[in-house]
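The values are calculated or read from the model by the stated rules, or taken from the named source; none is laboratory data. These figures come from a predicted structure and were not determined experimentally. Virtual Cβ from ideal backbone geometry, glycine too; neighbours counted across all protein chains shown. Please note that ligands, DNA and RNA were not included when accessible areas were found on the heavy atoms of the full protein model with its side chains. Shrake-Rupley method; radii C 1.70, N 1.55, O 1.52, S 1.80 Å.
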Amino acid sequence: MSEYFPEVPHVEYEGPDSDTELAFDYYDPDKQVGDKTMKEHLRFAVSFWHAFTGDGSDPFGAPTMQRPWDDIEDPMEKAEARIEANFELLDKLGVDYFCYHDRDLAPSGDTIEESNENLDEIVPLIKEKIDETGIGVLFGSAELFAEPKYAVGAASSPSADVFAHAGAQVKKALEVTNELGGEGFCLWGGREGYKTLLNTDMGLEQDNVARFLTMVADHADEIGFEGQLMLEPKPKEPMKFQYDHDAATIHAFLQKYDLDDRFTLNIETNHATLADRPFAHELRYARLNDILGSIDANQGDKLVGWDTDEFPFSLRDHTLAMYEILQNGGIAPGGINFDAKVRRESFEPVDLVHGHITGMDTYARALEAAHALKESGELEEFVDERYSSYDEGIGQQIVEGEADLADLEEYTLDNDVPHPESGREEKLNALLNRYILEA
């Protein structure tokens, strides 16, 4: 059996004073944080598409990645090598899960039948590696955006034939995920939207997306799939407007079509940025509406207007994210999937390891800071006090639905004009910084 990362040992926790290059400074999987270990809190996953099929190309440049399987010409042999490399990397990182698109695992054929045969050939190897290592599937997905037939959408395509092909592809991808024991299945509508309203029947397209999702949920029931079904908010790129723009947009869509009890959300940091939303905002919206399913952990460059998918290193942003996850009671059965890629200039295999170590250390440190902040109760106490006027009197009547406009008029006639109280934003920023620095 080939070793694809021979220069990489099993990465261990050595602490922030360690001089070891390939070691964790902050991620100690067995460290207890509250009622769970770090490993139990964080449920890390590696995204197969970035780690093993990404080639470093971008709209302005050719592939740059150097990978041990590059010289393998036979597509299925290359697929098998990537599977072996996936389990080797995850084992060395101590990561329990991976995520994939169907076309990451096995190459696309000329027909649906050929594509399915390729998947059927590779699945036994994946099952063997799962049994051997205990590493599992956090979620599977179907790649409904790369092939030319999906140029203007899959479920939202103006072509019924394309809709049918997308359905057939998702059917097989969902069945494979079920066979592999996946804990979730995510539908990422990369091209579900429009470029111009001049040629778009928006109503029919949105109705068709809902019909498609209903078929997916029904088939999940038929095959006994017990994992969560997820949608992933994604704005702008590459369509001018995408129907899954952000968490609130998807939630309204699900409510309209009575699908809100079937789907949760897989929320990505960089997608929130592109939607002009803080990541924590998207997480809080999903949490408050019981649709937080999982997260894709990365970050974007706010000076670049596209999805850069960098490995996360911003402690502030990800402390706020972990605060929402802790308030949610955790992320299981979802997890923290590194939907992140090394920079185009970081083309050696070991750079993949550095990227994941950075991301895992960032989230470990963020977890400790968020847990300490939550346990202190300081933030909740401030917010509770700020809204305390709704705990009694006219505020309580408003909350309990016992006041109408006439009651409000009567109250204001008998009371002075209120004076606003300071929101203390600067103080709270300092509070957050203190917990990050002291974690």
- Sparse-neighbourhood loop sites, trypsin sites (Lys or Arg not before Pro) in the range 262-312 - DSSP loop, at most 12 other Cβ within 10 angstrom: Lys302
- Message: Just to be sure I understand the model, the point goes 7 Å from the Cα along the line to the Cβ. What's the resulting Glu121 to Glu77 distance in nm?
- Response: 1.2 nm
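Can you figure out the FRET efficiency of Glu40 with His419, using R₀ = 45 Å and their beta-carbon distance, to the nearest 0.05?
On the way: r = 47 Å, r/R0 = 1.05.
My answer for the efficiency is 0.45.
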- Top mean-square fluctuation among Pro420, Pro235, Pro278, Gaussian network model of the chain, C-alpha springs under 10 Å? Pro420
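So how much slack lies between Asp258 and Ala403, counting 0.36 nm per residue of separation and subtracting their Cα-Cα distance, in nm?
The Asp258-Ala403 span can extend by a further 49.1 nm.
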- Note on the structure: Of all DSSP beta bridges having both residues in the range 1-153, the percent classed as antiparallel (nearest 5) is 25 percent
- Message: If I take every Cα pair under 8 Å that is 6 or more residues apart in the range 122-251, average their sequence separation and divide by the length, what percent do I get for the relative contact order?
- Response: 27 percent
- Message: Looking at the chain only, what percent of DSSP beta bridges run antiparallel? Nearest 5 please.
- Response: 20 percent
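Longest segment of the chain with no chymotrypsin sites (Phe, Trp or Tyr not before Pro) in a DSSP loop having at most 11 other Cβ atoms within 10 Å? Don't skip to the answer; put the middle values down first.
Numbers: sites that count: Phe60, Tyr387.
The segment 61-386 is the longest one with no such site.
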- Message: Please compute the modelled spin-label separation between Met215 and Asp55, points set 7 Å along Cα→Cβ, answer in nm with one decimal.
- Response: 3.1 nm
- Cα gyration tensor category, rounded, prolate or oblate, for the chain with a/c compared to 1.5: oblate
- Task: Run the accessible area of the chain with a 1.4 Å probe and give the carbon-and-sulfur part as a rounded percent.
- Result: 48 percent
- Label model pair Ser376, Ala332: point-to-point distance (7 angstrom along the Cα→beta-carbon line) in nm is 2.8 nm
- Query: Could you give the accessible area per residue of the range 154-227, probe 1.4 Å, as a whole number in Å²?
  - Reply: 45 Å²
- Working with all protein chains in place, sort Asp339, Asp416, Asp70 by solvent-accessible area computed with a 1.4 Å probe, largest first. Asp416, Asp70, Asp339
- Note on the structure: At q = 0.15, 0.20 1/Å the base-10 log of I(q)/I(0) from the Debye formula over the alpha-carbon atoms of the range 198-329 is -0.76, -1.18
- What does the accessible area per residue of the range 30-90 come to in Å², with a 1.4 Å probe and no ligands, DNA or RNA counted? 46 Å²
- Query: Long-range amide H contacts for Gly189: which residues qualify at under 5 Å (H placed 1.01 Å from N, peptide plane, sequence gap of 5 or more or a different chain)?
  - Reply: Glu232
- Once you have a ≥ b ≥ c as the square roots of the Cα gyration tensor eigenvalues for the range 133-225, tell me rounded if a/c is under 1.5, and otherwise prolate or oblate according to whether a/b is larger than b/c. prolate
- State the extension gain, in nm to one decimal, for the chain segment bounded by Arg316 and Leu198, taking 0.36 nm per residue of separation less the distance between their alpha-carbons. 38.2 nm
- Note on the structure: From most to least accessible, 1.4 Å probe, no ligand or DNA/RNA atoms counted, Val353, Val342 line up as Val342, Val353
- Cα gyration tensor shape for the range 1-42, rounded if a/c is under 1.5, else prolate or oblate: oblate
